[in-house]
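This report concerns only the one structure given below.
FYI, it's all coordinate maths here, none of it is from the lab. Model, not experiment: these values are computed from the prediction. Virtual Cβ from ideal backbone geometry, glycine too; neighbours counted across all protein chains shown.
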Amino acid sequence: MGLKPDHWITKMATEHNMIEPFAPGQVREGVISYGVSSYGYDIRVADEFKIFTNVYSAIVDPKKFDARSMVDYKGDVCIIPPNSFALARTVEYLRIPRGVLTICLGKSTYARCGIIVNVTPFEPEWHGYVTLEISNTTPLPAKIYANEGIAQVLFFEADEECLVSYADKKGKYQNQQVIELPKL
């Protein structure tokens, strides 16, 4: 299983609709970059966010998540409060082939500002808009720019297809259309 270069990503995106919309080159001028990179694809954050709030003193429980612990926000720029967290989604809709696994890591521009992007791997045959977890680790408010790069997806192609894909096991986060909160 090896890292796939840019020409493989372009081929998969154009022939199999793996990434929609797809930017075949790196878009950089005036924005945090997105599009095809040397060995991956830089995804963008959409203009929809869920920002953590303590207004209702809810407890964060992954088995019984209280949606009141977040406020919805839509805009070109999202301000994440100090030492806080937001959920967002990608602009791109991804369709991961059965013989591929991805790892997604935050972009260095944000990391150098103390903003950490955490995304779990996209399993074989998972598809949907990616829910992004964005942490502001600083004691200052942090700006996130909608419709610009936020993280890089690295693609790994297996020598053989997996026996059970995410679609086969009917994964609970399949075909995400919106920012998905934790599910049990």
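Details
- Share of pairwise Cα-Cα distances greater than 16 Å in segment 10-54 is 48 percent (whole percent).
- Length-normalised contact order for segment 1-90 - Cα pairs under 8 Å, 6+ apart - percent: 25
- Between Lys183 and Ile59, the C-beta separation translates, for a Förster distance of 25 Å, into a calculated FRET efficiency of about 0.90.
- Label-to-label distance, nm, for residues given as Leu140 and Tyr39 (7 Å Cα→Cβ offset): 3.3
- Cα convex hull of segment 64-163 - mean projected area over all directions, nm²: 7.7
- In segment 1-116, one over the average inverse separation of all distinct C-alpha pairs is 16.5 Å, which is the Kirkwood hydrodynamic radius.
- Within segment 115-140: backbone nitrogen closer than 18 Å to the Leu163 label point (7 Å, Cα to C-beta): 124-125
- Radius 15 Å from Cβ of Glu48, net charge of other residues (Lys, Arg +1; Asp, Glu -1): -3
- Long pairs among Lys50/Lys143; Lys64/Lys170; Lys107/Lys183; Lys63/Lys170; Lys11/Lys143, criterion Cα-Cα beyond 23 Å: Lys107/Lys183; Lys11/Lys143
- GluC sites (Glu not before Pro) restricted to segment 62-167 and DSSP loop, no more than 15 other C-beta within 10 Å: Glu160, Glu161
- Under-5 Å amide H pairs with Leu132, H placed in peptide plane, nonlocal only: Ala88, Arg89, Thr90
- The residue list Asn136, Ser165, Gly25 was ranked by how far each Cα lies along the charge dipole of the chain toward its positive end, using unit charges on Cβ atoms, and Asn136 comes out on top.
- Across the chain, C-alpha contacts under 8 Å between residues 6 or more apart give a mean separation that, scaled by the residue count, equals a relative contact order of 28 percent.
- Residue separation of Asp66 and Glu133 scaled by 0.36 nm, minus their Cα-Cα distance, works out to 22.5 nm of gained length.
- To the nearest ten degrees, helix 6-16 and the longest principal axis of the Cα atoms of the chain are 90 degrees apart.
- Relative to the Cα centre, the charge distribution of the chain, modelled as +1 at Lys and Arg Cβ and -1 at Asp and Glu Cβ, gives a dipole magnitude of about 520 debye.
- 5 angstrom amide H check on Ala151, placed H, neighbours 5+ away: Ile43, Lys107
- Rounded to whole Hz, the Karplus (6.51, -1.76, 1.60) HN-Hα couplings of segment 56-70, x for glycine and proline: 9, 6, 6, 9, 7, 10, x, 8, 8, 6, 9, 4, 5, 7, 9
- Amide H contacts of Met70 (H built 1.01 Å from N, in plane; Pro and chain starts excluded): Thr53 sit under 5 Å, all sequence-distant by 5 or more or on other chains.
- Using only the C-alpha atoms, the convex hull of segment 18-85 corresponds to 160 Å³ per residue.
- Note that segment 168-180 has calculated 3J(HN,Hα) couplings of 4, 8, 6, x, 6, 10, 6, 6, 4, 10, 9, 5, 9 Hz, one per residue in order, obtained from phi through the Karplus relation 6.51 cos²θ - 1.76 cosθ + 1.60 (θ = phi - 60°); glycine and proline are x.
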